[in-house]
Amino acid sequence: MRLFTAIFTFIVITFLFGSILSKIETIEQLENQLEQKQLQIDSLHHEIDTLTWENQIWDFNVKFSVSHLLSSIMQVESNNNDSAYHKGEDAVGCLQIRKCMVDDVNRILKRQKSYIRFTYDDRWLRNKSTQMFGIYCRHYGLNTAEEIARCWNGGPRGMNKPLTATYWRKVQKDLAS
């Protein structure tokens, strides 16, 4: 009888232990699914932020559209050439993006807990370049066409740099044409 009780107890404990392990595995699967859903939500928030920025940035100044400003900056930077390359600065693509800009944008995305990252080769692609442009402008709170152009040219403190005023005049000239 003691042997039967010991075997029965062992079987019950084994069954309960197996059941607990099964529940732990189910919990881990659900946590992984939740994490994947959270990444999708983060991605959608990023897309919504992008659309919001593109639609709201010009509420105060309807004279220009964001695409018109971006086209003017591309014209000044590269003559709208996706294959443009400035060897001295290692500036690449239609927006003449340098490696430090890619690093800055990736740092911004990491801070925002986004899974999106850009590579140095993405500078050659117009759509990736414009995405980096948008992320950069939103992060640094650039609201006016002048702020956007001058800080794109001179970094986050571009408004304080006298040399970026010349760049802004070039962009203004293209906007007016």
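Just a few scattered comments:
- Annotation: amide H-H contacts under 5 Å for Ala91 (H modelled 1.01 Å from N, sequence separation of 5 or more, or interchain): His86.
- Springs join every pair of Cα atoms under 10 Å in this Gaussian network model of the chain, and among Leu125, Leu34, Leu21 the largest mean-square fluctuation is at Leu21.
- On a per residue basis, the chain carries 67 Å² of accessible surface, using protein heavy atoms and a 1.4 Å probe.
- Of Ile97, Ile135, Ile27, the residue with the greatest mean-square motion in the GNM of the chain, using alpha carbon springs below 10 Å, is Ile27.
- Sites Glu147 and Leu39, calculated FRET efficiency, Cβ-Cβ separation with R0 30 Å, nearest 0.05: 0.40
- Cα-centre dipole for segment 129-177 with unit charges at Cβ (Lys and Arg positive, Asp and Glu negative), debye to 20: 120
- The Cβ shell under 13 Å around Arg107 holds other residues with a net charge of +3, Lys and Arg each +1, Asp and Glu each -1.
- Spacing of the modelled spin labels on Thr166 and Asp82, each 7 Å from Cα toward Cβ, amounts to 3.1 nm.
- In this Cβ point-charge picture (+1 for Lys and Arg, -1 for Asp and Glu), the chain has a dipole of about 440 debye about its Cα centre.
- Label corresponding to semi-axes √(5λ) of the Cα gyration tensor in Å when calculated from the structure given, among (i) 35, 19, 15; (ii) 55, 17, 13; (iii) 23, 19, 17: (ii)
- For the chain, the carbon plus sulfur part of the accessible surface works out to 57%, probe radius 1.4 Å.
- Of Cys151, Cys100, Cys137, the one that fluctuates the most in a GNM where the chain has Cα springs shorter than 10 Å: Cys100
The values are calculated or read from the model by the stated rules, or taken from the named source; none is laboratory data. The structure displayed is predicted, hence computed values, not measured ones. All Cβ positions, glycine included, derive from the backbone under ideal geometry; neighbour counts span all protein chains shown. Calculation scope for accessible area: heavy atoms of the full protein, side chains included, ligands and nucleic acids excluded. Shrake-Rupley method; radii C 1.70, N 1.55, O 1.52, S 1.80 Å.
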